[in-house]
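Heads up, the thing below is written out as C-alpha cells.
The values are calculated or read from the model by the stated rules, or taken from the named source; none is laboratory data. Because the structure is a prediction, the values reported are computed rather than measured. Using ideal geometry, Cβ is built from the backbone for each residue, glycine included, and neighbour counts are taken over all protein chains shown.
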Amino acid sequence: MKNKIYDILVVGSGLSSLTFIEAFLEKHKKIDVISFNKSKKKISKTNNEHIYKILPPQMIGVEKEVQDYFYFNKILVNTKSKFFGSLEFGGLSNYWGLQIDKNISGDIAYLTKKTQKKIYDSFVEIFQKSNLIGKLNTEVKNPYVKNEYIDKKFFRKNKNLFLDEPILAFQKKNKVKVQLDQINENKDKLTPFNFYKKKLNKKKIIFHNYFVEEIKNHKYGLVLCCSNGYQKKSFITKKLILGCGTLITTKLIMNYLNITKEVKINHHPRIFSLYFSKKKWRNKMKFQPSHLHLKPKKTPFLFTADFRPGNKVIIDAMIKFKFFLIPFKFFLNLLREYFVFSNIFFEPKYGNLYIKKKQDMYEVYSKKKNTKKLFKKVNKMIYKFLINTKKILPFFVSYFPGYGADFHYFGTILMGKKSQLSVNENCQLHKNKKIYLIDGSVLNFKINKYPLGLIMANSRRVGKNI
C-alpha cells in the first residue's frame, strides 16, 4: 500500500502542541498528531530504574509511564542526573497551574520588534480565549482574595530583594472575586488534559499512537520512522511540527543533523526550603501556587524565590527527602498550616545538564559542578529577610534535589540565532525550513523562571502564521 502524504504532522500532545493545534484549527479543518499514549508491553529492566526513586510525590503511581517514556525514546538518564521528561498527554511543568513572571518579554528582547509583538499578542489571546484569571494592563492584577503573609512595607527598606507577584492563570468561572484556595484544582488548573477536553475534544484531530524514532529527508518532504513497541510505521509529511518537549525534540534534531557532540540542556537549578511560620497560612488546594516571589535588586546572578503554604503534598516531599521524619508524619500533617514551602530557582547559566549520543542511545548527564556557595548565599539572604518580618521561627530546612529536578528544560535550539542548532524567528530549523519547533527548546529563560506561558504564546503564534 502506498504511504499517505500528509500536509502537516504534529509530534507531541503537551500544552505547546495543543496550543499550536488550537490556533491552527481556527483556519483549518483537521490535523494529525503523533503522540504515544500508553504501552501494554512489559518492558525489560533498563539503566533508568533509578528514576523510580527520584520521582516527586505528585507523580506516585506513574513510574511505569515515565520508564516507558525514556525506554521507547532511547534516552538513558545517568544516575547522577534527575531528569524527568514528560508523560503522555502533557509534561510535568504545569502540575498546579500556569504561573507566569510579569516580565514576559524580558527573555525575547533580542528578537525583532515584530516577533516580540506577535508573541505578546498571542499571550494576551491565550488569557482571553481561556477565560483565565489575570488582567494585563500597565501592571498585572490578580482579581482574587489572597492570603497576605508578608506586609509589603518590609520591602521598601530592603536593599537586596524586591517583591514580585506572579500572574496566576486559573480558569475563571464568573466575574465575582475568586478566593484562590477555593478553586477546584483538578478541574480549573490549566493542564493538557483539561485544555484538550475543554477546547479540542470536538475538533477533528487524529492521534497516531507512536514514538518517533528518526526523521529523514524524503522527496516529498520528510519521513518519520516510528514505533509503538510492537510494530514499525512510517509517516511522510510536507511539514513537521515538533512539540514533544525539549529533551525529545533536541534528541530528534541532533539525530537528524548527525550531531555527535554534547549539547547543553538549559534549566533552572533549584533548592527547596521549608520555613516554620508563627501563624497559620490556610489553603484547601492540594498544591497551591506561590503567593509571592522574591527577586534580587543588585546581584551578579538572577534567582526567584517563591513561597507556598504547607499541605499534604509538601509533607510527603519532606518525608521522602528526609527519611528520619517518617515516624512524625501524622504530627507534621497536623501542623502543616504552619509550614511555608519555598522553591529558589536560579538562572540557567548555573545549570548542569547535557545530552550526547551514546551508541544507539542518547544519554542525559551532569558534570561535576559545585554551586553550594551560591545556594548558601541566597538562602542566607532569604532567611535574613524572613526573620526581619518576625513571621517565622529562627530555623529552616533546605534540600538540593539534584540537577534537573526543576522540570524546566529549554534553550537547546534557540530562536533567532545563526548556529546549526537553531531556528529562525518563524521557528523553522535553519537546515530545513520544513521542520518547525514550538516547545521550550527554542527559548531561553534567564529572567522568567516560569517559562510555560511564553512557550504557549510562541506556539500559538506559529500555529496562526503557518
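The sole residue among 385, 346, 396 that is of a type in the set (Phe, Trp, Tyr), closer than 25 Å to residue 408 by Cα and within 29 Å of the chain's Cα centre (by Cα) is 346. Please go through region 266-300 and pick out each residue that is more than 30 Å from residue 442 (Cα to Cα) and among the polar types (S, T, N, Q). Matches in region 266-300: 273, 277, 283. So for region 272-281 (the condition being more than 22 Å from residue 379 (Cβ to Cβ), in contact with a helix residue (DSSP H, G or I) (Cβ under 6 Å, 6 or more places away or on another chain) and outside the structural domain of residue 15 (by TED's automatic domain parsing)), does at least one residue qualify? Within region 272-281 (the criterion being more than 22 Å from residue 379 (Cβ to Cβ), in contact with a helix residue (DSSP H, G or I) (Cβ under 6 Å, 6 or more places away or on another chain) and outside the structural domain of residue 15 (by TED's automatic domain parsing)), the answer is yes, since at least one residue qualifies. Pairing residues of region 112-131 that are free of Cβ contacts under 8 Å to residues at least 24 places away in the same chain with residues that are loosely packed, with under 14 Cβ neighbours inside 10 Å and in a loop (DSSP other than H, G, I, E, B), at Cβ distances under 8 Å and at least 6 apart in sequence or on separate chains, gives 116/109. Selection of region 412-436 for residues being in a loop (DSSP other than H, G, I, E, B) and closer than 19 Å to residue 456 by Cβ yields 412, 413, 416, 425, 426, 427.
For residue 300, the stated conditions hold: it is without any contact (Cβ under 8 Å) to a residue 40 or more places away in the chain and of a type outside the set (D, E, K, R).
Note on region 195-261: enclosed strands (runs of 3 or more DSSP E) holding 1 or more residues that are assigned by TED's automatic domain parsing to the domain that holds residue 466 and in contact with a Lys or Arg (Cβ under 6 Å, 6 or more places away or on another chain) are 204-208, 221-227, 232-242. Just one residue in the set 312, 295, 320 is out of contact with any Cys (no Cβ under 9 Å at 6 or more places or on another chain), over 28 Å from residue 161 (Cα atoms), touching a residue at least 12 places away in the same chain (Cβ under 8 Å) and surrounded by 17 or more Cβ atoms within 10 Å (Cβ to Cβ); that residue is 320. Filtering 346, 328, 396 for residues that are touching a helix residue (DSSP H, G or I) at 6+ places or on another chain (Cβ under 8 Å), surrounded by fewer than 19 Cβ atoms within 10 Å (Cβ to Cβ) and among the hydrophobic types (A, V, I, L, M, F, W, C) leaves a single hit, 396. Inside region 217-232, residues that are exposed (fewer than 15 other Cβ atoms within 10 Å of the Cβ) and within 15 Å of residue 2 (Cβ to Cβ) make up a count of 2.
Against the numbered list (1) over 21 Å from residue 123 (Cβ atoms); (2) part of a helix (DSSP H, G or I), residue 454 comes up short only at (1).
Take the conditions (1) under 26 Å from the mean Cα position of the chain (by Cα); (2) surrounded by 14 or more Cβ atoms within 10 Å (Cβ to Cβ); (3) basic (Lys, Arg); residue 238 misses just one of them, which is (1). The combined condition, being surrounded by fewer than 19 Cβ atoms within 10 Å (Cβ to Cβ) and under 24 Å from residue 77 (Cβ atoms), is fulfilled by residue 260. In this structure, does residue 297 turn out to be at pLDDT below 90 and closer than 22 Å to residue 102 by Cβ? When the stated conditions are applied, residue 297 passes them.
Among the residues making up region 396-408, a single one is modelled with pLDDT of 85 or more and within 12 Å of residue 347 (Cα to Cα): 408. Is it the case that residue 458 is assigned by TED's automatic domain parsing to the domain that holds residue 106, closer than 23 Å to residue 128 by Cβ and out of contact with any Pro (no Cβ under 9 Å at 6 or more places or on another chain)? Answer is yes for this residue. Checked against (1) outside the structural domain of residue 279 (by TED's automatic domain parsing); (2) buried (at least 17 other Cβ atoms within 10 Å of the Cβ); (3) farther than 19 Å from residue 441 by Cα; (4) among the charged types (D, E, K, R), residue 336 passes all but a single condition, namely (1). Number of residues in region 307-335 that are modelled with pLDDT of 90 or more and among the charged types (D, E, K, R): the value is 1.
Across region 266-294, which residue is farthest from residue 390 (Cα to Cα) among those that are more than 20 Å from the chain's Cα centre (by Cα) and of a type in the set (D, E, K, R)? Going through the qualifying residues, I end up with 284.
The set of residues from region 417-466 being in contact with a His (Cβ under 9 Å, 6 or more places away or on another chain) and either more than 21 Å from residue 168 (Cα to Cα) or of a type outside the set (A, V, I, L, M, F, W, C) (or both) comprises 417, 418, 419, 420, 421, 422, 423, 424, 440, 449, 450, 451. Of the residues making up region 384-401, those that are touching a Pro at 6+ places or on another chain (Cβ under 9 Å) and either in contact (Cβ under 8 Å) with a residue 24 or more places away in the chain or small (Gly, Ala, Ser) (or both) are 400, 401.
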